[in-house]
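Taking it in order: structure first as structure tokens, then the write-up.
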Amino acid sequence: MYNVVFVGTREAKGREGVVTVQSWRTKRDFEWDYASWPEGEKAKKRIVEQGIPLELCAELVSRTPVACLVAAAIEKATRQDGVIDREVLHKELEIIQFTDPGNLLLGISKDVSRVPVEGRDGNTSAEGFNGE
């Protein structure tokens, strides 16, 4: 598998700062598929790493700041009319807590909005957190 780690950009709105991973069979498959993505979709995700082991992908995903996860949960729970669906929000927050309960509990008590996700090349994804 060819793993690629992305981080949500400012264009992703509520998903800004959320680190995700997608896998393709080969690098060639990734390059072919990624080339077909609309520019608007590419603008919402910045590539952090590619061609790395799944274990490293998991480590990078685990560095997603809690504030970003909560913002994404709120966005997902917000209906088109602007009203937050409390049931969806509750489920999304449970997912956050289930996947890393210590991160959620510790993250709420301190500012984690500028915790960078750093790739092997030394670049970080801290820019744009908190709208800065």
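The values are calculated or read from the model by the stated rules, or taken from the named source; none is laboratory data. On a predicted model such as this, the values are computed, not experimentally measured, just so you know. Every residue, glycine among them, receives a Cβ derived from its backbone with ideal geometry; neighbour counts consider all protein chains shown.
If we keep just the residues of the stretch 41-66 that are in contact with a helix residue (DSSP H, G or I) (Cβ under 7 Å, 6 or more places away or on another chain) and assigned to a helix (DSSP H, G or I), which is surrounded by the fewest Cβ atoms within 10 Å (Cβ to Cβ)? Among residues in the stretch 41-66 that are in contact with a helix residue (DSSP H, G or I) (Cβ under 7 Å, 6 or more places away or on another chain) and assigned to a helix (DSSP H, G or I), the one surrounded by the fewest Cβ atoms within 10 Å (Cβ to Cβ) is ALA43. Any residue at all in the stretch 2-14 that is at positive phi and either in a helix (DSSP H, G or I) or at pLDDT below 90 (or both)? Scanning the stretch 2-14, I find at least one residue that is at positive phi and either in a helix (DSSP H, G or I) or at pLDDT below 90 (or both), so the answer is yes. If you go through the stretch 67-86 and keep only what is of a type in the set (Gly, Ala, Ser) and loosely packed, with under 14 Cβ neighbours inside 10 Å, you end up with just GLY82. Considering the stretch 38-66, the residues that are within 14 Å of the chain's Cα centre (by Cα) and in contact (Cβ under 8 Å) with a residue 60 or more places away in the chain include one that is farthest from THR26 (Cα to Cα), namely PRO65.
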